[in-house]
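Reading through the structure tokens given below for one structure.
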Amino acid sequence: MARTALTAQRFTTLGLAPSYVTPDAAGVSFRSGGKQVLHVKNASGSSITVTLKIGRTVEGQAVTAPTATVAAGADKFFGPFSDNYEQPDGTDTVFVDFSAVTSVTVAALSL
């Protein structure tokens, strides 16, 4: 399965009314220049785990990806993302995984 590719929506001085999408079970991807955040809304009846994939290794060793919980009925912002989260393909892409996607919506936002 392919990840849901998100396009970061830019804040403006006149405001931002972001569009949200349901992520694919494989997670989401988006380009990051260090000014992007991910907004996760969990409208399900159970908490979910969000995994922020580390794209780098340290001396050839994989680094454990950090995880965070979004409670049932809650939302949380993640980011901005440093270069460590960019995948090694040179595209400045960040990968984020979810333990469940039912009743979950996301939006990538850019400062």
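A few comments on the model shown:
- Of all residues in the stretch 22-52, those being in a strand (DSSP E or B), open to solvent by less than 60 Å² (accessible area, probe 1.4 Å) and out of contact with any helix residue (DSSP H, G or I) (no Cβ under 7 Å at 6 or more places or on another chain) number 15.
- Test for Arg31: is it farther than 15 Å from Glu86 by Cα and either in contact with a Pro (Cβ under 9 Å, 6 or more places away or on another chain) or among the charged types (D, E, K, R) (or both): no
- Scanning the stretch 67-103 for residues that are open to solvent by less than 70 Å² (accessible area, probe 1.4 Å) and under 12 Å from the mean Cα position of the chain (by Cα) yields Ala68, Phe78, Gly79, Phe81, Tyr85, Glu86, Thr93, Val94, Phe95, Val96, Asp97, Phe98.
- Test result for Thr64, open to solvent by 40 Å² or more (accessible area, probe 1.4 Å) and either in a loop (DSSP other than H, G, I, E, B) or closer than 19 Å to Ala2 by Cα (or both): yes
The values are calculated or read from the model by the stated rules, or taken from the named source; none is laboratory data. All figures in this text were calculated on a predicted structure; none of them were measured in a lab. Note: ideal-geometry Cβ built from the backbone for every residue, glycine included; neighbour counts use all protein chains shown. Heavy atoms of the whole protein, side chains included, go into the accessibility calculation; ligands, DNA and RNA do not. Shrake-Rupley method; radii C 1.70, N 1.55, O 1.52, S 1.80 Å.
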